[in-house]
Amino acid sequence: MPAPPTIYIVCSDRGRNGKTLLARILVDHLLIAERDPFCFDLSAPEGALRAYFPGRTALIDMHEAKGREKLFDILLSRAGRDYVIDVPSAQLARFLEAAGEARLHEEAAARGFRLCVLFVVDRDPASLKTAVALEEMLQPDMLVPVVNRFVGTSLPEGVPGPVVMLDKIEGELRVIISHRRFSLRSFLLGDEQEVPARLRPQLKNVLHGVIDGLRNIEPAMSLQSLHGADL
């Protein structure tokens, strides 16, 4: 039986900590699993995520009321598929306010969606506090903390549930994968020709480290739903 459609919200209260790379890996992971996700990029006008998935991404300007309305109108009127929302740190407060006004938690549940937040917990302890407050506000089915090993994190060790680990990609490899024509999905599926042989192990370690964490999310949410149904 296929998993219910899920709204993934990828966010952090800090910038430059790998959030959009995480969203990009998540989209490619869902595509490989034949989940056909649609994306919302809230980084208008830059469009960091849309650059990699132009045909399946809507660029949203959260400064405009029409942009906020468009986001939730599309999201809540077209059920039955996965969605990935890439929220820049500068837009996090506006997104949370708009999500509250749209009653995202209740409306998503009514349409058969699960709600999953992937939050990059930065090294400043205030970032962990933001994650806790965000969970209280959005009431997702699951909040998954993300650790960027290069940046550091204030997340305590041994927290229950899935945790996604992200390593830093630097130098020549970063330049290669940053090109909008470079497909992480193709690399994961065995097309490695665009990456020099000496750099392939590094990229594989980063991608598989993230994907190992992502694969644990759906079973954890399903188990949590079963436990909730038994109460």
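What follows is calculated from the coordinates using simple rules that are stated; it is not laboratory data. Because the structure is a prediction, the values reported are computed rather than measured. Positions of Cβ are generated from backbone atoms using ideal geometry, with glycine treated the same way; all protein chains shown enter the neighbour counts.
Kindly provide the set of residues from the stretch 24-43 that are touching a Phe, Trp or Tyr at 6+ places or on another chain (Cβ under 6 Å) and either charged (D, E, K, R) or assigned to a loop (DSSP other than H, G, I, E, B) (or both), ordered by number.
Arg24
Pick from the stretch 177-192 the residues that are of a type in the set (A, V, I, L, M) and in a helix (DSSP H, G or I): which of them is surrounded by the fewest Cβ atoms within 10 Å (Cβ to Cβ)?
Among them, the one singled out is Leu188.
Of all residues in the stretch 93-108 being farther than 25 Å from Asp36 by Cα and not charged (D, E, K, R), which is surrounded by the most Cβ atoms within 10 Å (Cβ to Cβ)?
Applying the filter and picking the extreme gives Ala98.
If Leu21 meets every condition in (1) more than 17 Å from His179 (Cβ to Cβ); (2) part of a helix (DSSP H, G or I) apart from one, which number is that one?
Unmet for Leu21, out of (1) more than 17 Å from His179 (Cβ to Cβ); (2) part of a helix (DSSP H, G or I): (1).
Give the number of residues within the stretch 124-168 that are basic (Lys, Arg), under 18 Å from Ser89 (Cα atoms) and in contact (Cβ under 8 Å) with a residue 24 or more places away in the chain.
Total satisfying the criteria: 0.
Report the residue count in the stretch 54-82 for those that are touching a residue at least 24 places away in the same chain (Cβ under 8 Å) and farther than 24 Å from Asp28 by Cα.
3
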